[in-house]
1. Please determine, by comparing only the residues of region 117-152 that are polar (S, T, N, Q) and without any contact (Cβ under 8 Å) to a residue 60 or more places away in the chain, which one is nearest to Gly220 (Cα to Cα).
2. Of the residues that make up region 62-70, is at least one at pLDDT 95 or above, touching a helix residue (DSSP H, G or I) at 6+ places or on another chain (Cβ under 7 Å), assigned to a helix (DSSP H, G or I) and surrounded by fewer than 21 Cβ atoms within 10 Å (Cβ to Cβ)?
3. Which one of these is of a type outside the set (S, T, N, Q), over 30 Å from Glu185 (Cα atoms) and within 19 Å of the chain's Cα centre (by Cα): Glu57, Glu67, Glu117, Glu113?
4. Does Ala17 satisfy the criteria of being more than 30 Å from Pro138 (Cβ to Cβ), touching a residue at least 24 places away in the same chain (Cβ under 8 Å), among the small types (Gly, Ala, Ser) and out of contact with any strand residue (DSSP E or B) (no Cβ under 6 Å at 6 or more places or on another chain)?
5. Where residues in region 121-163 are within 24 Å of the chain's Cα centre (by Cα) and of a type in the set (Asp, Glu), which of them is nearest to Ala210 (Cα to Cα)?
6. State the number of residues belonging to region 13-27 that are more than 17 Å from Pro54 (Cα to Cα) and either surrounded by fewer than 13 Cβ atoms within 10 Å (Cβ to Cβ) or not assigned by TED's automatic domain parsing to the domain that holds Lys49 (or both).
7. Give region 149-178 a look and list any residue that's more than 13 Å from Arg98 (Cβ to Cβ) and in a helix (DSSP H, G or I), or say none.
8. I need the full set of residues from region 133-148 which are touching a helix residue (DSSP H, G or I) at 6+ places or on another chain (Cβ under 7 Å) and either of a type in the set (Lys, Arg) or part of a strand (DSSP E or B) (or both), in order please.
Amino acid sequence: MDIQRWVNAMRSDELSASRIRQAHVVLSQVLTTAVREGRIGRNVALGIKLPPIPRKEAEYFEPDVVERIASSVREPYDLLVRLLGRLGPRFGEAAALRRRSVNLLTKRLTIEESIAEVSGRLVFGPTKTHAIRKLPLPPSLAADFKRHLEKGVGLEPDALVFTSPTGTPLRYRNFMRRVWRPTLEDLELPNVGVHVLRHSAAAALIQSGAYATAVQKILGHRSAAFTLTVYGHIFDTDLDLVAENLDQAGMVGGAALEPRRGPKKLGGGLFAPGS
């Protein structure tokens, strides 16, 4: 009852559902440890009624808008924007990329660590899911990486691919303040966070015909179910094409019809140029 009253008090203080759930997770983990060590008999945080997290459709930019942003950003951050907007790594994952992470021969990008700012200090650590994944580099992006590695990155395998103008690790706050927000303002685009590029990449992947499991693996989600929960509305734009292809899959005169056409182009992102 005490824990339920604590949760209810946080709701009364108008804390977000996400923040309340995070606080509850921390308490529950502490109590689970106490149970494991025999200090208490059970975890009384289990079974507490928590506020639901409202689901909303992920907002994204169309590929041409992502390219407009990238073209308006100075080097090498134009490449960073293209990477975030086409393959969708988290900002911390992109900031932690090293020369050895880029394999131009196989056209693969290895995501194995992330960087975060904790109390003003930059800390390198594992990715959010503690998993290593490989991203497929499109030829154009591979060519951009090749140029950048040749002229802007140290030869050491551990040399960071993206750094600040002074050569230090890239900080999210500084990138937002000095690069991202001024560019959006100049282009008269909505004042949204860098995370919109991750959603834009998901939309572009789906538009390219990628299945949910492929999008999941590239974005580093724990499950395809989560991918569908977040981006199901984008997958839904292809339902009409699915219906058409079901008819085309039938047999006419004993011969199969032509193979299915490519994925239908998305009608438009939730953010359009100049909106």
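The values are calculated or read from the model by the stated rules, or taken from the named source; none is laboratory data. In this text, all values refer to a predicted model and were calculated from it rather than measured experimentally. Glycine also receives a Cβ, built like all others from the backbone with ideal geometry; neighbour counts cover every protein chain displayed.
1. At the first step, the residues of region 117-152 found to be polar (S, T, N, Q) are 119, 127, 129, 140.
Next, only the ones that are without any contact (Cβ under 8 Å) to a residue 60 or more places away in the chain stay: 119, 140.
Numbers: Ser119: 26, Ser140: 22 Å.
If we take residues in region 117-152 being polar (S, T, N, Q) and without any contact (Cβ under 8 Å) to a residue 60 or more places away in the chain, then Ser140 is nearest to Gly220 (Cα to Cα).
2. Checked region 62-70: no residue is at pLDDT 95 or above, touching a helix residue (DSSP H, G or I) at 6+ places or on another chain (Cβ under 7 Å), assigned to a helix (DSSP H, G or I) and surrounded by fewer than 21 Cβ atoms within 10 Å (Cβ to Cβ).
3. Values: Glu57 fails: over 30 Å from Glu185 (Cα atoms); Glu67 fails: over 30 Å from Glu185 (Cα atoms); Glu117 fails: over 30 Å from Glu185 (Cα atoms).
Within the list Glu57, Glu67, Glu117, Glu113, the selection yields Glu113.
4. Details: more than 30 Å from Pro138 (Cβ to Cβ): yes; touching a residue at least 24 places away in the same chain (Cβ under 8 Å): yes; among the small types (Gly, Ala, Ser): yes; out of contact with any strand residue (DSSP E or B) (no Cβ under 6 Å at 6 or more places or on another chain): yes.
When the stated conditions are applied, Ala17 passes them.
5. Step by step, filter region 121-163, then rank; the result is Asp144.
6. Restricting attention to region 13-27, the residues satisfying the condition of being more than 17 Å from Pro54 (Cα to Cα) are 13, 23-27.
Checking which are either surrounded by fewer than 13 Cβ atoms within 10 Å (Cβ to Cβ) or not assigned by TED's automatic domain parsing to the domain that holds Lys49 (or both) leaves us with 13, 25-26.
Number of matching residues: 3.
7. Hits for region 149-178 are Glu150, Lys151, Gly152, Tyr172, Arg173, Asn174, Phe175, Met176, Arg177, Arg178.
8. Arg133, Leu135
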